[in-house]
Amino acid sequence: MGAKLSRSSSSSADEKYLKPAGRSMLKDSEVKKLKKKVLTGKLAPFYPGIDGDEVGVSSSSDSEECPICFLSYPALNRSKCCGKGICSECFVQLKVSNKRPSSSSSKRLEQAQCPFCKEDKYEVAYHGKKSWEEKSAELEEERKVE
């Protein structure tokens with residue numbers, strides 16, 4: 001049999017963050033692909049989102065807010081087309097939402113359009129947490145827009 005993905009002890013992602021926690025009901029083969037992407041650093045781990053309105057949670061500079069679900073995460077994936085951030089849960093939901101339910105209850109990941117710039121064949125890359133320079137540049141860009 002093949003090597004197990006969970007065998008990697010050098011992984012920075014805890015086993016519980018390797019697969020979606022949402023209601024995506026993906027086929028096992030699709031979940032394995034997602035686990036591999038997380039383990040190889042191509043997709044952000046499926047960390048649980050934190051609601052910024054929760055008691056005791058402040059607007060931390062160590063977290064980023066997903067513009068789709070409005071939950072905060074340690075780091076987000078970046079759209080390859082426009083560089084906008086998206087959490088792994090929302091990315092997976094977006095990729096399966098285009099497919100209409102078939103006779104099977106399991107779903108597959110499909111091509112999707114970027115929710116931000118509408119580019120076809122939407123893909124993401126994970127580069128870890130934003131650097132201080134990236135956060136500063138983003139804040140400056142927001143100030144220019146206002």
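Values quoted throughout were computed directly from the atomic coordinates according to the rules given, and no laboratory measurement underlies them. Just so you know, these numbers come straight off a predicted model, no measurement behind them.
Miscellaneous remarks
- Of 84/121; 19/135; 80/144; 32/95; 19/80; 95/130, those spanning more than 26 Å from alpha-carbon to alpha-carbon: 19/135
- Phi-derived couplings, Karplus 6.51 cos²θ - 1.76 cosθ + 1.60 at θ = phi - 60°, listed residue by residue for the stretch 126-142: 10, 10, x, 5, 5, 6, 4, 5, 5, 5, 5, 5, 5, 4, 5, 5, 5 Hz, with x used for Gly and Pro.
- In this structure the amide hydrogen of residue 44, modeled in the peptide plane, comes within under 5 Å of the amide hydrogens of 77, none closer than 5 places in sequence on its chain.
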